[in-house]
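Worksheet for the structure shown next.
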Amino acid sequence: ALSMSLPNGTMTQDLIWHIKAIHPDGKMLNIKALDKNGNIYDVNAIQDTEQRHFLNVKAVAGNKKLPVKILLSEDKYAPVKALAEDGTVLDIKAITSDGHKLDVKGVNHTGNIIDIKAINKEGAFYGVKAISPSGQLNDVKGVKMTRDKLEAVVNGVKVYAHIKAIPPAKCNERDKIWNIKAMHPDGQMLSVKAMDENNKIYNIKAIQDSGQCQLLDVKAFVGTQRLPVKVLTSDNINAPVKAIGEDGKIYRIKALTSDGSELDVKGVFHSGNIIHIKALAKDGYYYGIKAISPDGQMNDVKGIKMTREKVETVINGVKVFAHIKTLPQVD
């Protein structure tokens, strides 16, 4: 279990989202995991908290929930598999009404996202979606947190990317810089900045360097460097959000009011894979943090956990609890 002392928004019962491939004629094909003996298991997205920004995708084999990942491979299309605890690899297939089994693969990599598709015998791609019991739709995507080919090793198997269900988003342009703002209740937008020990101020931006805007990196622009912004490991009730220099130097992150006051920016609430990032007003109120594109599109700025460990990763000698990314807003 997560050991950081953030409030946790749990649910009394998991909400199961079904995973389907969408055929062009409107049919929905079941996505299943198959073991070497031909046994077939459900593949679901699992919502175990109130948030639906970022859902785990699992193969359900009896009482086991097996991670579904994109494996490290030199193939043209990257293999999508479920991984048992002993390292056994299960195939992931879309199954047609007449019993044909279609490969499910990672087919295109843009920024932090890999498109996941079912591929028919003619080579046509079918999109893969997670569908909630009430009909909400999330896209099933491969997600990368690093620029390395090897993202992780899970149950002894080399993994290129995680598989998650995230809200859909449309992007009209490539290579945009999104501004990061705290949203005051009276409609003001407060600038969010990085500050060094000498109180020098640097911009914080989200970077869209590809055609996708579902998962954008958040960076501090310090000179010619773009420094990672992360939630740091801490035992404080509100988790520190900082930028990390190449030498391990820490830059504080603040929301600046019109009168020059500095508001702390913290991780204040943990819900599944998501940590909610807020500016803390002196009266105790929380202000949401948003990324805003040049054409007015808006994403939420969130902390994202990929593991259940207190230390998610170590960057330049600094222990990190969660990544900071932007995700599409949800109702």
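Entry remark, region 37-82: residues being open to solvent by less than 20 Å² (accessible area, probe 1.4 Å) and assigned to a loop (DSSP other than H, G, I, E, B) number 3 in total. When the residues of region 3-22 are filtered to those that are open to solvent by less than 50 Å² (accessible area, probe 1.4 Å) and not in a strand (DSSP E or B), which remaining residue is modelled with the lowest pLDDT? Restricting to residues being open to solvent by less than 50 Å² (accessible area, probe 1.4 Å) and not in a strand (DSSP E or B), the top hit is MET4. Of note, LYS310 does not satisfy the criterion of being at pLDDT 95 or above, over 17 Å from GLN214 (Cβ atoms) and surrounded by fewer than 16 Cβ atoms within 10 Å (Cβ to Cβ).
For first residues located in region 121-139 and at pLDDT 95 or above, partners that are part of a loop (DSSP other than H, G, I, E, B) and lie 6+ apart or on another chain with Cβ distances below 6 Å form the pairs TYR126/HIS23; ASN138/PRO167; ASP139/PRO168. Residues that are open to solvent by 30 Å² or more (accessible area, probe 1.4 Å), touching a His at 6+ places or on another chain (Cβ under 7 Å) and in contact (Cβ under 8 Å) with a residue 24 or more places away in the chain occur in region 268-278; there is at least one. Among the residues of region 305-331, which ones are of a type in the set (Val, Ile, Thr), within 25 Å of GLU173 (Cα to Cα) and in a strand (DSSP E or B)? Matches in region 305-331: ILE324, THR326. Strands (runs of 3 or more DSSP E) fully within region 181-259 that include at least 2 residues being within 25 Å of LYS164 (Cβ to Cβ): 201-208, 216-222, 225-232, 239-244.
Checking the condition under 19 Å from the mean Cα position of the chain (by Cα), open to solvent by 20 Å² or more (accessible area, probe 1.4 Å) and either hydrophobic (A, V, I, L, M, F, W, C) or at pLDDT 95 or above (or both), which residue from LYS242, LYS230, LYS249, LYS254 passes? Give the steps one after another, and end with the answer.
Details: LYS230 fails: open to solvent by 20 Å² or more (accessible area, probe 1.4 Å); LYS249 fails: under 19 Å from the mean Cα position of the chain (by Cα); LYS254 fails: under 19 Å from the mean Cα position of the chain (by Cα).
From the options LYS242, LYS230, LYS249, LYS254, the qualifying one is LYS242.
Scanning region 156-176 for residues that are open to solvent by 60 Å² or more (accessible area, probe 1.4 Å) and either free of Cβ contacts under 8 Å to residues at least 60 places away in the same chain or more than 19 Å from the chain's Cα centre (by Cα) (or both) turns up GLY156, LYS158, LYS170, ASN172, GLU173, ARG174, ASP175.
Taking first residues from region 25-52 that are within 17 Å of SER132 (Cα to Cα) and partners that are among the acidic types (Asp, Glu) and assigned to a strand (DSSP E or B), the Cβ contacts under 6 Å between residues at least 6 apart in sequence or on separate chains come to ILE46/ASP14; ASP48/ASP14.
Just to verify a result, which residue in region 209-227, among those that are farther than 23 Å from THR313 by Cβ and in contact with a Lys or Arg (Cβ under 9 Å, 6 or more places away or on another chain), is least open to solvent (accessible area, probe 1.4 Å)? Explain how you work it out, then say what you get.
Step one: filter region 209-227 for residues farther than 23 Å from THR313 by Cβ, giving 211, 213, 223-224.
Remaining after also requiring in contact with a Lys or Arg (Cβ under 9 Å, 6 or more places away or on another chain): 211, 213.
Working: GLY211: 34, CYS213: 2 Å².
Ranking the qualifying residues of region 209-227, first place goes to CYS213.
Contact map, region 85-108: residues that are on the phi > 0 side of the Ramachandran plot paired with residues that are of a type in the set (S, T, N, Q) and open to solvent by 30 Å² or more (accessible area, probe 1.4 Å), Cβ distance under 8 Å, separation 6+ or inter-chain. Pairs shown: GLY87/ASN155. So GLY317 ticks every box in (1) out of contact with any strand residue (DSSP E or B) (no Cβ under 7 Å at 6 or more places or on another chain); (2) on the phi > 0 side of the Ramachandran plot; (3) modelled with pLDDT under 95 but one. Which box is left unticked? Single failed check for GLY317: (3).
The values are calculated or read from the model by the stated rules, or taken from the named source; none is laboratory data. Keep in mind that what you see is a predicted model, and the values were worked out from it rather than measured. Neighbour counts run over all protein chains shown; Cβ positions are idealised from the backbone, glycine included. All accessible areas refer to the heavy atoms of the entire protein, side chains included, with ligands and DNA or RNA removed. Shrake-Rupley method; radii C 1.70, N 1.55, O 1.52, S 1.80 Å.
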